[in-house]
Amino acid sequence: MRLLCALFALGTYFAASPAMAAQDPFAYLPFAPMEKVYEGLGGKIRIQESIRPLPGLPAAPRTLEVVRKIGYLNFPPKTIVSTFSYDPATGNYAKLTSTSAFSKAVFHYHPPLVRAHLPFKKGDGWDGEDGQNTIHDRVWGKVRITLPAGTFVCWVVRRKLTYDLISRRSTQYLYEYYAKGVGFVGEGGWSATGKWHWSKRLVSFKMGPGSTG
């Protein structure tokens, strides 16, 4: 009931159709050069993100490099470089590698950490593990939202994160938003008091040379 209320509060709910399921897999997660700026947690976090496709063989999975410069309050900004790929054989968009914000270490995900199954389809789900933490995602449907960067019709993915802490297990739910031609535009959830908050929302974006959509 809380989820349905939140979807209507955030915008108009759109049911998925067979035509939508047959869409271009990159419609809501484009493989194109792009610059994005996000803010989150009431302006406490600011993220500058650069996305660029990496060259590869025509028959090979498509790969993206994502460079994020993250600033939190008055702390020095941190830069994280990650790579993602799309495998047409499985439809999986997955994280391959990521640098650390605190050291020179580079983490390699074996198997790759699935972040989305393309094209988005209502009810579709996937699982993953990030270290000791487990992830379960499910596509809930579509909503219209308004962010500083504009108004978008988005696919919504509910992410269930289960943290395996030293003394206990903790679960968190987040909702991710993907807009046509732009990709990821925001992430939010409910605080312990039941108040909705944006942990990340798109402030601005600019398409790079050769981009489409």
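The values are calculated or read from the model by the stated rules, or taken from the named source; none is laboratory data. None of these values were measured; they are calculated from a predicted model. A quick note on method: Cβ atoms are made from the backbone with ideal geometry, for glycine too, and the neighbour counts reach across all protein chains shown.
Of (1) in contact with a Leu (Cβ under 7 Å, 6 or more places away or on another chain); (2) at pLDDT 95 or above, PRO119 satisfies all except one. Which?
Exception for PRO119: condition (1).
Kindly provide the set of residues from segment 116-157 that are over 22 Å from MET207 (Cβ atoms) and polar (S, T, N, Q), ordered by number.
GLN132, ASN133, THR134
Hey, can you tell me all the residues within segment 1-51 that are among the charged types (D, E, K, R), modelled with pLDDT of 50 or more and either in a loop (DSSP other than H, G, I, E, B) or surrounded by fewer than 16 Cβ atoms within 10 Å (Cβ to Cβ) (or both)?
Matches in segment 1-51: ASP24, GLU35, LYS44.
For PRO76, state whether it is part of a loop (DSSP other than H, G, I, E, B) and at negative phi.
Spelling it out, PRO76 is indeed part of a loop (DSSP other than H, G, I, E, B) and at negative phi.
Looking at (1) at pLDDT below 95; (2) farther than 23 Å from VAL66 by Cα; (3) of a type outside the set (A, V, I, L, M, F, W, C), which is the only condition GLY131 fails?
(2)
Among (1) of a type in the set (A, V, I, L, M, F, W, C); (2) part of a strand (DSSP E or B); (3) under 16 Å from the mean Cα position of the chain (by Cα), there is one condition PHE107 misses while meeting the rest; what is its number?
With respect to (1) of a type in the set (A, V, I, L, M, F, W, C); (2) part of a strand (DSSP E or B); (3) under 16 Å from the mean Cα position of the chain (by Cα), PHE107 is out only on (3).
When you scan segment 114-197 for strands (runs of 3 or more DSSP E) that lie fully inside it, which ones turn up with 1 or more residues that are touching a residue at least 12 places away in the same chain (Cβ under 8 Å), within 15 Å of the chain's Cα centre (by Cα) and within 16 Å of LEU29 (Cα to Cα)?
In segment 114-197, 133-147, 150-164, 169-179, 183-190 are the strands (runs of 3 or more DSSP E) which contain 1 or more residues that are touching a residue at least 12 places away in the same chain (Cβ under 8 Å), within 15 Å of the chain's Cα centre (by Cα) and within 16 Å of LEU29 (Cα to Cα).
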